[in-house]
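Read-outs throughout are calculated quantities, based only on the coordinates presented, and are distinct from any laboratory measurement. These figures come from a predicted structure and were not determined experimentally. When we count neighbours, we look across all protein chains shown, and the Cβ atoms used for this are built from the backbone with ideal geometry, even at glycine.
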Amino acid sequence: MSKHSIKLRAQKVPEEIKLLVSKSLATAKQINKILTEQGKTQRDLADLLGKKESEISKWLQGTHNFTYKTICKIEIALGEQIIFTADQAIQNITFYRAIVSNKTRQDIFFNNVQKAINLDSLKKQRLTTTTDNLSENQDLKKINSLLESCCNN
């Protein structure tokens, strides 16, 4: 069969079939991704679903016509969502952006805390140097209170 005749045949495939195949491949790819992330095999999924490994293998080749019922069973077995609606995807993106934003705020906070700790250390060094230069007649309690106030602020 020539490339030209293959292209002609492909052009005759109805759009809904092309879309179905595309979505089936995407679903199989997502299931495989989740299995890999969880360190599970097709055999593990078969055991979780009470199916034969050969059936799961056929499903994950990408040409299986998944029903919502089957997808729901797989999601429950794996504990992860496979298909997301547009609204769910937007909610997830918003949620993860908030986490990243919060992480950035935490990093800024901890950097500021670290700077404050470093500043306190610097203040201690300066006061220690100053106390070394003071005469022995100075009141040590006053110096200690100065040190404590610098470290507590």
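Of the residues making up region 52-79, those that are surrounded by 15 or more Cβ atoms within 10 Å (Cβ to Cβ) and not in a helix (DSSP H, G or I) are H64, F66.
Among the residues making up region 16-39, those that are within 19 Å of the chain's Cα centre (by Cα) and not β-branched (V, I, T) are K29, Q30, N32, K33, L35, E37, Q38, G39.
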